[in-house]
Amino acid sequence: MRITEARVIVCSPGRNFVTLKIVTDEGLYGVGDATLNGREMAVAAYLQEHVVPLLIGRGSDRIEHTWQYLFKGSYWGAGPVTMSAIAAVDMALWDLKGKRLGVPVHQLLGGRSRDKVLVYGHANGRDNAETIAAAERYRDLGYRAIRLQAGVPGLEHAYGVGRGDLFYEPAETGSPPEHVWSTETYLDHVPRLFAEAREALGWDVHLLHDAHHRLTPTEAGWLGHRLEDYRLFWLEDPVNDLLQDGFRHLRRHTRTPIAVGEVFNSVFQLHQLVTEQLVDYLRTTVLRTGGITPLMKIAHLAEPYQVRLGSHGATDLSPITMAAALQVDLAVHNFGIQEYMRHSDATAEVFSSSYAFDDGYLVPGAEPGLGADIDEAAAARFPYERAYLPVARSVDGTVTSW
Ligand code: CS2
Ligand code: MG
């Protein structure tokens, strides 16, 4: 069970991914995702220069111990680069343990609490009509939960709109795309989107929306209150995720369920939100928070407060993260929903996975480990190309959250 080799694989099949492959003296290997959208090479370098040398010779069975060794050994604490790197090691070690014991990882996390995992897809369009038509396509595909993100009249760009039908890919090669944003116009528009959506789609489908960190607590409270009539499954990232008091203010003004956490790297960023029940769903992922090991601890913290997991699952988290997320989603008691942005055909040339979409749910395969893999030869056909997430600014040029 000694680690003999660890390879960092950077590739770009449709978008950039960073993958870690850990090989042991038994001839087994485990895989982990280390992708950080727009900063991929920072994590690749962190792994290659500072983590891989520490792994060689270590026992691959000591998952918690290795996690603590890499985390406390870094001294500087939780950040997106460190935690994405540690996450890749953690995922790969769980993958190895499952393979060695001949069981899917959820069997090592307490077994199945459910047989299938409710997912949501992303309907988007340049205007309400296009967005609702996309939502109808999702419903026809069998989705029971659909996120709506529409263009905003008068604005050329809006978060969540464009570059894909069954997925949304915001990163672009070259310089960071610049988007002009107007919160006033957006706030005026969103309630109309959901009024029209409920009219067209009815009430037997869950509808979700992502405000993407852009609102003040007062703006978010106003929007959440206005959306109560349309009974959203959740309003996501309404305010800056780290503004804990902002969520208190928001909670006083709306009963729309709140989801937060896709950018969180540590339990300490969400502890107060959970224990004061300021949110309803946690978007935290195995990739951002350092792996399966910490995400299980987060789920257990949240359970008595009736806060549920609703993990991030965008295209910039590889199929390895999706497979690892499904292992957690199957096992924890307090599961809510899993984001499922399908990956491109090019990504599927490099990454294989055994989970399958069926009637609005993802059903994982039964093979040992995580249930995902990378084809290194195929990966070599898609070389890395620097890409950036958009930068948003107000009409007057002030930089704002994208
Ligand atoms: C979004 C993501 O899926 C979501 O909820 O917040 O699309 C996010 O913008 C990207 O993952 C950023 O890389
Ligand atoms: Mg989001």
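The values are calculated or read from the model by the stated rules, or taken from the named source; none is laboratory data. All figures in this text were calculated on a predicted structure; none of them were measured in a lab. Note that each Cβ is placed from the backbone with ideal geometry, even for glycine, and that neighbours are counted across all protein chains shown. Just the protein is used for accessible areas: all its heavy atoms, side chains included, with ligands, DNA and RNA removed. Shrake-Rupley method; radii C 1.70, N 1.55, O 1.52, S 1.80 Å.
Among what's in region 366-379 and is open to solvent by less than 20 Å² (accessible area, probe 1.4 Å) and in contact with a Ser or Thr (Cβ under 8 Å, 6 or more places away or on another chain), pick the residue that is farthest from G121 (Cα to Cα).
Taking region 366-379 as the starting set, the residues that turn out to be open to solvent by less than 20 Å² (accessible area, probe 1.4 Å) are 369-372, 374, 378-379.
Adding the requirement that they be in contact with a Ser or Thr (Cβ under 8 Å, 6 or more places away or on another chain) leaves 371-372, 374, 379.
Values: G371: 21, A372: 21, I374: 24, A379: 26 Å.
Here the answer is A379.
In region 160-193, of all residues being in contact with a Leu (Cβ under 9 Å, 6 or more places away or on another chain) and β-branched (V, I, T), the one that is farthest from ligand 1 (Cβ to nearest atom) corresponds to T185.
When Q272, Q277 are checked against the criterion of being in a loop (DSSP other than H, G, I, E, B), more than 16 Å from ligand 2 (Cβ to nearest atom), under 20 Å from E236 (Cβ atoms) and not aliphatic (A, V, I, L, M), a single residue qualifies: Q277. Taking A78 as the residue in question, decide whether it is open to solvent by 10 Å² or more (accessible area, probe 1.4 Å), among the aliphatic types (A, V, I, L, M) and free of Cβ contacts under 8 Å to residues at least 40 places away in the same chain. No, not satisfied.
In contact (Cβ under 8 Å) with a residue 40 or more places away in the chain, away from ligand 1 (no atom under 16 Å from the Cβ), more than 18 Å from V267 (Cα to Cα) and open to solvent by less than 20 Å² (accessible area, probe 1.4 Å), is that true of A323? The answer is yes for A323. For T131, all conditions in the list (1) in the same structural domain as M341 (by TED's automatic domain parsing); (2) in a helix (DSSP H, G or I); (3) within 20 Å of H343 (Cβ to Cβ); (4) of a type in the set (S, T, Y) hold save one; what is the number of the exception? All conditions are met except number (3).
Search region 279-298 for residues being away from ligand 1 (no atom under 16 Å from the Cβ) and open to solvent by 10 Å² or more (accessible area, probe 1.4 Å), and hand back the single one that is farthest from L227 (Cα to Cα). Write out each step before concluding.
Step one: list which residues in region 279-298 are away from ligand 1 (no atom under 16 Å from the Cβ), which gives 290-298.
Next, only the ones that are open to solvent by 10 Å² or more (accessible area, probe 1.4 Å) stay: 293-294, 296-297.
Values: T293: 36, P294: 33, M296: 32, K297: 32 Å.
Only one residue tops the list, namely T293.
I'd like to know if region 193-201 contains one or more residues that are free of Cβ contacts under 8 Å to residues at least 12 places away in the same chain and either open to solvent by less than 20 Å² (accessible area, probe 1.4 Å) or not basic (K, R) (or both). Yes: one or more hits. Any residue that is part of a strand (DSSP E or B), within 16 Å of ligand 2 (Cβ to nearest atom), touching a strand residue (DSSP E or B) at 6+ places or on another chain (Cβ under 8 Å) and outside the structural domain of D95 (by TED's automatic domain parsing) - is there at least one of those in region 107-120? Yes, region 107-120 contains at least one residue that is part of a strand (DSSP E or B), within 16 Å of ligand 2 (Cβ to nearest atom), touching a strand residue (DSSP E or B) at 6+ places or on another chain (Cβ under 8 Å) and outside the structural domain of D95 (by TED's automatic domain parsing). Among the numbered conditions (1) over 30 Å from V190 (Cβ atoms); (2) crowded, with 16+ Cβ neighbours inside 10 Å, the only one that G111 does not meet is (2). Within region 150-179, restricting attention to residues that are open to solvent by 50 Å² or more (accessible area, probe 1.4 Å) and hydrophobic (A, V, I, L, M, F, W, C), the residue that is farthest from L36 (Cα to Cα) is L166.
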